[in-house]
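Q: This is the structure, below, for whatever I ask next.
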Amino acid sequence: MKRTSIMSLPPPPVPAKLREMLKDYPGHIKRLQEVLVRSVDRSRRLTLMPFDDAISALEGRLETFIFEARDELKMAEASGDSLAIAEAKEKERLMEFSRSSNIGMADLDELWEYIQRVWGDSNELS
C-alpha cells in the first residue's frame, strides 16, 4: 500500500459541519483536531483502519463534550442563575447535535479525502 508521508500534509481536518457548529467554542475545535492528529499517528503505527479510527476518535471526544456540558448544566442549576441555566442547556443541546450521525457527524467527506491522500486508494481505509 502506498502511503503519503504524514509530515508532508497538513493535519487531518476537523469536519466542516463540526467546525461550523462549534465556531463559538474554538477550544473544542482544537481538542477535536488534537484527537484526529493522534488517531492518524496511531493508525500509521498500528494496523488500524484509519477512517474508522478517526471517526471513533471524534465520537469519543464529542461524547466527552456532552458530559462536560451536562456537568456545566448541573452547576448552573445548582447556582439558580436562570441565564447560566439557559446557556448551559443550549450548550448541551449543541454538543448532542454535534455528536449526532445525522447532524454534526453527517458529512465526513473532507476527512475521508484526507485519509485517502495519506493512505492512498486501499481497501484498508474502512
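Q: Placing unit charges on C-beta atoms (Lys and Arg positive, Asp and Glu negative, everything else neutral), compute the dipole magnitude of the chain about its Cα centre in debye, rounded to 20. The partial results should precede the final answer.
A: Details: 19 positive and 23 negative charges, 105 e Å.
I would put it at about 500 debye.
Q: Restricting to lysines 8 or more places apart or on different chains, can you count the pairs in the chain with Cα atoms under 27 Å from each other?
A: Eligible lysine pairs with Cα atoms under 27 Å apart amount to 11.
Q: Percent of accessible area on the stretch 1-118 owned by carbon and sulfur, 1.4 Å probe? Working shown, then result.
A: Values: 3640 of 6830 Å².
Whole-percent figure for carbon plus sulfur exposure: 53.
Q: Any idea of the accessible area per residue across the stretch 49-103, 1.4 Å probe, to the nearest Å²? Could you put the intermediate results ahead of the total?
A: Values: 3060 Å² over 55 residues.
Result: 56 Å² of accessible area for each residue.
Q: Compute the angle between helix 109-119 and the longest alpha-carbon principal axis of the chain, please, reported from 0 to 90 degrees and rounded to the nearest 10.
A: 40
Q: Now for a separate question. Taking only Cα atoms, what is the 0 to 90° angle, nearest 10, from helix 50-79's long axis to the longest principal axis of the chain?
A: 10
Q: Let me ask another. Going by amide H atoms built from the backbone, whose H comes under 5 Å of the H on GLY120, apart from near neighbours?
A: For GLY120, the qualifying residues are THR4.
The values are calculated or read from the model by the stated rules, or taken from the named source; none is laboratory data. Quick caveat, the model's predicted, so the values are computed rather than measured. Please note: Cβ atoms are built from the backbone with ideal geometry, for glycine as well, and neighbour counts cover all protein chains shown. SASA here: full protein model, heavy atoms, side chains in, ligands and nucleic acids out. Shrake-Rupley method; radii C 1.70, N 1.55, O 1.52, S 1.80 Å.
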